[in-house]
Structure formats: structure tokens, C-alpha cells
Amino acid sequence: MATPDLPAGADGLPAPADRSLERIGRLAPYKVKKFLLVASQYDLFMLEEDGRLQDLLLQTYQQWNRGYVPQFVCVSGGENALERVRQEPFDLVVAVMRLGDMDPFRFGRLVREAAPGLPVVGLAYNTPELRRLLELDDGSALEKIFVWQGDGNVLPGIIQFIEDRRNAAGDTRLAGVQTILLIEDSAGFYSSYLPLIFSVLRRLTEGLLKEDLTFTQRLLRQNARPRVLLATRYDEAAAFFAGFKDSLLGIITDASFPRAAGGEVDARAGLEFARVVRGEKPHLPILLQSSDEGAEELARRAGLPFLSKNSPTLLRELERFLTERFGFGDLVLAGNGAGSGARFANLDQLYSGGAELPAPALATAIASGELDRWLRARTEFAL
């Protein structure tokens, strides 16, 4: 998707976004306000019964205060869906992988021919057939395959995934909006994990809104939460890192994933990717997570924080990591002696107390990137 030409400041960088309400309003231009849900009649019935989709979307978007609720149109069969795509505009197509009259990958390619640029996401059931579908998916027809596991929250997760994927590059160039890279090859895991990450990020962002902010600052923080980019292979993650390395708050990576489409899973891919990233960005937070035995010990040897996918407190541990390492929590600056450090919850506290800190404490926070991440999490991109 093409990104807009951007005005630049004297230093060649985009002018600070928080100077202009007009620029704030240009963030996240790609919004999924209407999508097409394609499946057999039976699958449509089961999805609605299991997920109560419209009620879920209404509740979710009212909580998010987005000002609109995505509407969806249900169509049975690939041919009927293609006809609707040709007749009216949609922002997204979600196709249950059992269309009945058409192979889902052929359907995705035909949608792209009929409406270039319209994203198509596959939604599969967690059955033995899922593995074959994932093996056949080369990324040319579908943006990604998600897994239906009886939880309707996968649909808001898909919508946010598509919006972030389409908006990240332009929002980063326009306003300095930050990104988080998630590397995960298990479709079942990322289908449930992505909605959790989005909910945590919104909760953390809302927590920052409690500070004494101007209207412009509040609006910016709501619109400028970090975008989440999902990669399922090493080559895809490397491409994202190359394009977003200067706007990354951090990386959450699985321990093992394929090197390329159709490739075998590499048990050390996560560690290798972390090593490469640290060669360029030594202070960038990287979280290794896995359900594999022995992965925690490998992470410890590599000096990486670790989360077990099997942990019953996974969500709480993830939120704590994002708070402490991605800049959403207090800024803690260590001093050069007992009791000489300081903790800052907001920018006013930093302004009033920062000047009294020993210079080495502030220098350390700058060198490690802690201050930078803390400011960027608060959308203080100019600073």
C-alpha cells in the first residue's frame, strides 16, 4: 500500500505530529468500517451462534470510543461473494476456508483481481485440515490465516491486524507512531494472542490518559497507540525490522519458526533473529516466548527475558513486561548511590525533578534507550 509524501522539518525528519490537530486526524487512514464474511450457510450459523458477532463488535467498539462500529455482510459461497465485491465497496473480506464452491486460495486471488488492494483473510477451524491449509498458503492470495476457536474476539483481532498492517508505514512517517513486532508461526496461538495484545495496549494507553493532558495530547495518544506487526517467518520478520527498526518499541518473538514460506521450522530462529537485531539495536527490548522445553534456559544464556506460552498468568506477565520494558510504566532512573535515583510517572514530574538528577543517571537512561521509549510511549515524538 502506497504511503503519502510527507512534509519534513529542517533536519529532514517529519515535523512533530502533536503540533497539528489536522495531522493527528490523518493517522490510521485505513479503517475497516464494513467487511464481507464469506462462508457456507452452516458455518455462518455456527460462527454467529458461537461468537454473537454483531453484539461483540458493538460492545468492543463502544469501549474503544472509535465513533463507529464495523458492519459486516454475510454471504454464502465464493461466487456470491465475488459478485458482492464487484457491486459494493468493502474494507476487508474474511473467508471461512470451507467455501463449498471454490478453493479459498483461488477465491483470494479472484478477489484481488476484482478489487485490487482489498485485503482477504482466511478463517479456518482447528481441524486436521488446518496444517495442510497452512502449508499451501504462500501469502499470495491471503494476508494471513486465522483460526476460529469459539471466541468471537478473533474478528476484532483480525480487523486491528489489517488496520495496523495497512497504516503502520504511513503513521510512522507522518507522526513517529511506534511499532511492536510479533513473530509467531502458530496460527492457533496468534489468533488468540493478538486480541490480547491489542487489549493490553489499549488498557496501557488509557492509563496514560489519566495524566494532565491537553485535548490535543489526549487525542494523539488515543490515535497513536503502537501498531502491532505480525510476522510468521524469519524473512518476513527481517523485512519488517529493516523497514521499522527506527520506530520499534520492542520485539516479542517465538523461539522457533520457519526461515521462509514452506520451509522447515528452525528451533533457533528466534535466538538468531534476536542476535541480529542486537547487533544493530543493542538496547531494543526483546521478549522470547515459547512452549518448548529448554527454551527458557536458552533465553537465559542469551540474556533474553522469557515467557512460557503455557503459563496460566501469561497475560499478566505480558502486561508487566510491556509496562516495564516498552515505556508504559514509570521512568526509573538509577542514581550513583543509595537513595539517589528517581521515579517519574509523567512528563511534568520529569520537568520538575529531572534537573536535580546526577548527570550520569540521565546519560544512562538516554544511552539505554529507556528515556526514548518512555517518551515515545507517551507520544512525545518531538522530544
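Could you list, in sequence order, the residues of the range 276-291 that are more than 12 Å from LEU249 (Cα to Cα) and either part of a loop (DSSP other than H, G, I, E, B) or of a type outside the set (Gly, Ala, Ser) (or both)? Don't jump to the end; show me each part of the working.
First pass over the range 276-291, keeping only residues more than 12 Å from LEU249 (Cα to Cα): 276-280, 282, 288-291.
Selection gives VAL276, VAL277, ARG278, GLU280, PRO282, LEU288, GLN289, SER291.
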> List pairs: first in the range 79-97 and more than 25 Å from PRO156 (Cβ to Cβ), second among the acidic types (Asp, Glu) and open to solvent by 10 Å² or more (accessible area, probe 1.4 Å), Cβ under 8 Å, 6+ apart or cross-chain?
Replying inline: GLU79/ASP101
>> Pairs needed: first member in the range 197-221, within 21 Å of ASN153 (Cβ to Cβ); second member anywhere, assigned to a loop (DSSP other than H, G, I, E, B) and of a type in the set (D, E, K, R); C-beta distance under 7 Å; at least 6 residues apart or different chains.
In response: LEU201/ARG225; ARG202/ARG225; THR205/ARG225
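Checking the structure you have, find out if any residue of the range 168-177 is farther than 19 Å from LEU27 by Cα, at pLDDT 90 or above and crowded, with 18+ Cβ neighbours inside 10 Å.
Scanning the range 168-177, I find no residue that is farther than 19 Å from LEU27 by Cα, at pLDDT 90 or above and crowded, with 18+ Cβ neighbours inside 10 Å, so the answer is no.
Would you point out the residue of the range 341-366, among those that are open to solvent by 70 Å² or more (accessible area, probe 1.4 Å) and of a type in the set (A, V, I, L, M), that is modelled with the highest pLDDT?
Checking each candidate, the answer is ILE366.
Scan the range 58-79 and give yes if some residue there is modelled with pLDDT under 85, surrounded by fewer than 20 Cβ atoms within 10 Å (Cβ to Cβ), among the basic types (Lys, Arg) and over 21 Å from the mean Cα position of the chain (by Cα), otherwise no.
The first filter runs over the range 58-79 and keeps only residues modelled with pLDDT under 85, leaving 62-67.
Retained after the next criterion (residues that are surrounded by fewer than 20 Cβ atoms within 10 Å (Cβ to Cβ)): 62-67.
Filter again for among the basic types (Lys, Arg), leaving 66.
Among the residues that remain, those that are also over 21 Å from the mean Cα position of the chain (by Cα) are: none.
The answer is no; no qualifying residue exists.
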>> Are there strands (runs of 3 or more DSSP E) fully within the range 84-202 with at least 3 residues that are closer than 21 Å to ASP254 by Cβ and aliphatic (A, V, I, L, M)? List them.
In response: 179-183
> With ARG173, ARG221, ARG166 as the choices, which residue is basic (Lys, Arg) and under 20 Å from VAL69 (Cα atoms)?
Replying inline: ARG166
> Since ALA267 meets every condition but one in (1) of a type in the set (A, V, I, L, M); (2) open to solvent by 30 Å² or more (accessible area, probe 1.4 Å); (3) closer than 23 Å to LEU322 by Cβ, which condition does it not meet?
Replying inline: (3)
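The values are calculated or read from the model by the stated rules, or taken from the named source; none is laboratory data. Keep in mind the model is a prediction, meaning the values are calculated, not measured. Cβ atoms come from the backbone with ideal geometry, glycine included; neighbour counts cover every protein chain shown. These area figures cover heavy atoms from the full protein model, side chains too; ligands, DNA and RNA do not enter into them. Shrake-Rupley method; radii C 1.70, N 1.55, O 1.52, S 1.80 Å.
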